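The values are calculated or read from the model by the stated rules, or taken from the named source; none is laboratory data. What you are looking at is a predicted structure, and each value in this text was computed from that prediction instead of being measured. Don't worry about glycine lacking a Cβ; one is built from the backbone with ideal geometry, like all the others, and counts go over all protein chains shown. For accessibility, only protein heavy atoms count, side chains too; no ligands or nucleic acids. Shrake-Rupley method; radii C 1.70, N 1.55, O 1.52, S 1.80 Å.
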Amino acid sequence: MNSINNYSLDNLTGKFLIASPHCFFSDIFNKSLIYITSHNAEEGAVGLIINRLVNKVPFHSVMTMLKNESINLDSSSLSVFMGGPVEPERGFILHTAEYNKNLLLNCPNNLAVSSNLEILKAISDGSGPKKSLFVLGYTGWEKGQLDQEMLNNMWIVADYDSDIMFLADHEKKWQTALKNIGVDNSLFAAGAGHC
């Protein structure tokens, strides 16, 4: 069993992946923070970037895009994040698991993923999950791909932290995640390592 920073590479489900400083220049993954929703040695891994804000969109616009105009809350808005480059037209809600209707995926850390109109309606009327992130697309790795990227020091693994996941200032999530594991971004030298 290989391990990086005392984490098993066999299953990183429920962990954060922090993009190594000075990796992925001019790329969606530069300074990204990813929550791994599923990972196993046989099938690969899937995760959602949680700190790449696309825009704050009026809630009624989201429902119009989804061809459901039954909700029209002009004053309500939804932060939309880019979850990754795979299926960027598909929306997912990463949320706390006390809301458990029609889930797409149960995750560790009392989280779940949904992808249906019902949860958007519930969020708009206040009966949805306590905390949620709306993301477009996801990040995926084929069998062995993430393991190789880990061995090449492209990612740093960290335990899940709900305060970081739902931090209001999305631009501070990556840096806060590094700081929480004792990493000072300013100490990294550009060009060093295997990135």
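Excluding N40 itself, calculate the net charge of residues whose Cβ lies under 15 Å from the Cβ of N40, where each Lys or Arg counts +1 and each Asp or Glu counts -1. Mind showing how you got there, number by number?
On the way: positive: K15, K143; negative: D10, E42, E43, E142, D147.
Local charge sum for N40: -3.
For D169 and E118, what does the FRET efficiency come to when R0 = 45 Å and r is the distance between their Cβ atoms, rounded to the nearest 0.05? It would help to have the intermediate numbers written out before the result.
Values: r = 29 Å, r/R0 = 0.65.
Efficiency for this residue pair is about 0.95.
Between N153 and E89, 0.36 nm times their residue separation minus their Cα-Cα distance comes to what? Please report the intermediate quantities before stating the final value.
Details: separation 64, 0.36 × 64 = 23.04 nm, distance 3.01 nm.
Using 0.36 nm per residue and subtracting the Cα-Cα distance, I get 20.0 nm.
What is the distance, in nm, between label points placed 7 Å from the Cα along the Cα-to-Cβ direction at D161 and at F25?
Placing both labels 7 Å beyond Cα along the Cβ direction yields 2.8 nm.
Quick check for you: with a 1.4 Å probe and neighbouring chains kept, what is the accessible area per residue of the range 111-173, in Å²? Intermediate values should be presented prior to the final figure.
Numbers: 2900 Å² over 63 residues.
Result: 46 Å² per residue.
7 Å from Cα along Cα→Cβ at both E98 and N40: what's the point-to-point distance in nm?
3.1 nm
Could you give the length gained on full extension between N110 and K179, defined as 0.36 nm per residue of separation minus the Cα-Cα distance, in nm? Walk me through the intermediate numbers first.
Details: separation 69, 0.36 × 69 = 24.84 nm, distance 2.35 nm.
Length gained between N110 and K179: 22.5 nm.
Give me the net charge for the shell around L178: Cβ to Cβ below 11 angstrom, other residues only, Lys and Arg +1, Asp and Glu -1. Intermediate results must be reported in sequence, preceding the final value.
Working: positive: K31, K172, K173, K179; negative: D184.
Net of charged neighbours comes to +3.
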